[in-house]
Amino acid sequence: MLDRYYTVKHEGQDEITIQKSRFIGYVKRVETEAAAQEFIHAIKKKHHDATHNCSAYLIGEHDQIQKANDDGEPSGTAGVPILEVLKKQKLKDTAVVVTRYFGGIKLGAGGLIRAYGSTTSQAIKTTGVVKRQRMQGFTVTADYGLSGKIEHALRQSEYILQAIDYTDQVTYHVYVEVGFESEFKAFIVELSNAQAEINETDTTYIEIDV
């Protein structure tokens with residue numbers, strides 16, 4: 001399991017016009033090849049009257065699944081440029097479809113490569129990218145006398161304070177980047193003069209906007 005990786009937020013789109021041809025880029029996070037194919041099929045159905053619906057996707061921790069489809073454009077001028085943008089931006093679990101409505105002016109191989117690449121980049125920029133960081137959850141429980149000090153220190157730190165429970169004591173739910181658990185425990189021990197109780201909870205991915 002990767003400690004961190006980049007992917008698109010969820011789903012989005014954008015479009016650009018080049019030499020009267022309309023290029024519409026669709027982006028979606030997908031975690032299986034079946035999901036990628038379903039997404040591509042849905043866009044093709046939506047734009048069944050388009051000249052081309054070119055696509056590419058990159059799936060898996062180590063990019064095990066990579067596919068590119070030119071959908072009738074000259075070989076290597078559409079699907080591969082889309083895929084190369086995903087690789088260059090180091091995105092994982094991402095599928096892209098670029099729909100083209102031909103405007104009557106031929107772009108040539110170089111022009112097509114630039115057009116499909118630019119549309120992909122623009123659609124990704126509009127959709128947004130997140131870093132998925134694997135984090136270890138902790139609960140920190142302390143008396144009310146320490147609550148202000150602990151809360152202030154956590155909010156000023158690089159740790160993620162997700163929630164606070166107020167019962168007979170105060171419990172902070174915190175996420176810490178995997179690999180920095182020992183540093184976090186030492187931080188709390190020093191902060192509370194060893195008066196806080198520290199417990200590990202779940203390990204999960206937290207998404208951070210890039």
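Between residues in the stretch 107-120 that are among the aromatic types (Phe, Trp, Tyr) and residues that are in a helix (DSSP H, G or I), which pairs lie under 7 Å by C-beta distance while being six or more apart or on different chains?
TYR116/PRO81; TYR116/ILE82
Scan the stretch 82-104 and report the pairs whose first residue is in contact (Cβ under 8 Å) with a residue 60 or more places away in the chain and at positive phi and whose second residue is open to solvent by 10 Å² or more (accessible area, probe 1.4 Å) and part of a strand (DSSP E or B), with Cβ atoms within less than 6 Å and a gap of 6+ or a chain change.
Once the first residue is in contact (Cβ under 8 Å) with a residue 60 or more places away in the chain and at positive phi and sits in the stretch 82-104, its partners that are open to solvent by 10 Å² or more (accessible area, probe 1.4 Å) and part of a strand (DSSP E or B) give LYS90/TYR6; ASP93/ARG29.
I'd like to check something: does the stretch 72-91 contain any residue that is of a type in the set (S, T, N, Q), within 17 Å of ALA123 (Cα to Cα) and within 17 Å of the chain's Cα centre (by Cα)?
yes
Looking only at the stretch 130-148, which residues are under 23 Å from GLY60 (Cα atoms) and open to solvent by less than 30 Å² (accessible area, probe 1.4 Å)?
VAL130, GLN133, MET135, GLN136, listed by residue number.
I need the full set of residues from the stretch 56-76 which are in contact with a strand residue (DSSP E or B) (Cβ under 9 Å, 6 or more places away or on another chain) and among the polar types (S, T, N, Q), in order please.
Once the filter is applied, which keeps residues that are in contact with a strand residue (DSSP E or B) (Cβ under 9 Å, 6 or more places away or on another chain) and among the polar types (S, T, N, Q), the stretch 56-76 yields GLN66, ASN69.
Looking only at residues in the stretch 74-119 that are under 16 Å from ALA36 (Cβ atoms) and among the basic types (Lys, Arg), which one is surrounded by the most Cβ atoms within 10 Å (Cβ to Cβ)?
Looking at residues that are under 16 Å from ALA36 (Cβ atoms) and among the basic types (Lys, Arg), I get LYS92.
What number of residues in the stretch 78-134 are closer than 25 Å to GLN64 by Cβ, of a type outside the set (Gly, Ala, Ser) and in contact with a Cys (Cβ under 8 Å, 6 or more places away or on another chain)?
Counting residues in the stretch 78-134 that are closer than 25 Å to GLN64 by Cβ, of a type outside the set (Gly, Ala, Ser) and in contact with a Cys (Cβ under 8 Å, 6 or more places away or on another chain) gives 4.
Which pairs have Cβ atoms under 7 Å, sit 6 or more apart or on different chains, and link a residue in the stretch 190-210 that is over 20 Å from GLY145 (Cα atoms) to one that is of a type outside the set (S, T, N, Q) and open to solvent by 60 Å² or more (accessible area, probe 1.4 Å)?
Hits for this filter: VAL210/TYR6.
Mind checking which pairs have a first residue in the stretch 152-174 that is within 17 Å of GLN195 (Cβ to Cβ) and a second that is hydroxyl-bearing (Ser, Thr, Tyr) and assigned to a loop (DSSP other than H, G, I, E, B), Cβ under 6 Å, 6 or more apart or different chains?
These pairs meet every condition: VAL174/TYR159.
If you go through the stretch 154-173, how many residues are open to solvent by less than 90 Å² (accessible area, probe 1.4 Å) and either among the basic types (Lys, Arg) or closer than 21 Å to TYR5 by Cα (or both)?
Adding up the residues that qualify gives 2.
Considering only residues that are crowded, with 18+ Cβ neighbours inside 10 Å, hydroxyl-bearing (Ser, Thr, Tyr) and more than 12 Å from TYR57 (Cα to Cα), which ones fall in the stretch 12-32?
Hit for the stretch 12-32 is SER21, nothing else.
The values are calculated or read from the model by the stated rules, or taken from the named source; none is laboratory data. Computed from a prediction, not measured in an experiment: that's the story for all the values here. All Cβ positions, even for glycine, are placed from backbone atoms using ideal geometry, and neighbour counts span all protein chains on display. Surface areas here come from the heavy atoms of the whole protein model, side chains and all, with no ligands, DNA or RNA. Shrake-Rupley method; radii C 1.70, N 1.55, O 1.52, S 1.80 Å.
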